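What follows is one structure encoded as structure tokens, with my remarks underneath.
Read-outs: derived from the displayed coordinates by stated rules, not from any lab. Bear in mind the structure is a predicted one, so any value in this text is a computation, not a measurement. Cβ: placed from backbone, ideal geometry, glycine included. Neighbour counts: every protein chain shown.
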């Protein structure tokens, strides 16, 4: 895995986001740098702008001002955002968004539609990914027959289907109990170490945020603290910026 600090994977420069003709400002001049292979947790109280920032990096929305450079590519205002998301990103949300009428294996193979792998190669790789998340025995099961933690693990496998350089995760453990949360966080850590994937994760939970290498705290659309996870996370730190 590439060591964090090799080169920036995500650079956010002076990014603002306003709604309702500028009346509502969700982000106010955000600067953020995430190194290749680093796991950065965006944390803070509800409404602080952390999910807005993640969605801008994902190209799901456009900034009002500023620049967002991902893996050397300016995405703010880009006309090729579908290709960007397909080639660079793996997206994981609080809710798994698996297709209800398709098996675990099918949900993953469908995510590979349009890439250069043959059907046989897609199926083989989907099985490999299910093995990576510990669910190879669940390949024929529908989402409704899986536990919440298992569904989220399938969603993570799906996010890896096109070998992304970056995983963007928005409250990936928000709907899980503590045991499933621990499994998902350990899984993400393993993916980071083994694949060299960069992770940008949103969470309101300080314990979950501490799983990353770095925690960036936000409040009122601004970054108010940025610290190594081992030194800046905990109940006292959380109360200090909430």
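Assorted remarks:
- Dividing the summed -39500 (n - 2.57) terms of all DSSP H runs of n ≥ 4 by the residue count of the chain sets its mean residue ellipticity at 222 nm at -10000 deg cm²/dmol.
- DSSP beta bridges fully contained in the chain are about 55 percent antiparallel.
- C-alpha long axis of helix 119-132 to longest principal axis of the chain, angle in °: 70 degrees
- Pairwise centroid distance, computed over Cα atoms, of segment 76-99 with segment 107-164, Å: 16 Å
- Among the listed values (1) 17.6; (2) 18.3; (3) 21.1, the one computed from these coordinates for Kirkwood radius over Cα pairs in Å is (2).
- Cα-based shape type of segment 1-86, given that a ≥ b ≥ c are square roots of the gyration tensor eigenvalues and the cut on a/c is 1.5: oblate
- Solvent-free Debye scattering, log10 I(q)/I(0), computed from the Cα coordinates of segment 142-238 at q = 0.17, 0.20 Å⁻¹: -0.80, -1.05
- Prolate/oblate/rounded label for segment 52-115 (Cα gyration tensor, a/c 1.5): prolate
- With Cα atoms, 0 to 90° folded angle of helix 148-159 axis to the chain main axis: 90 degrees
- Efficiency of FRET from Cβ geometry, residue 118 and residue 78, R₀ 35 Å, rounded to 0.05: 0.70
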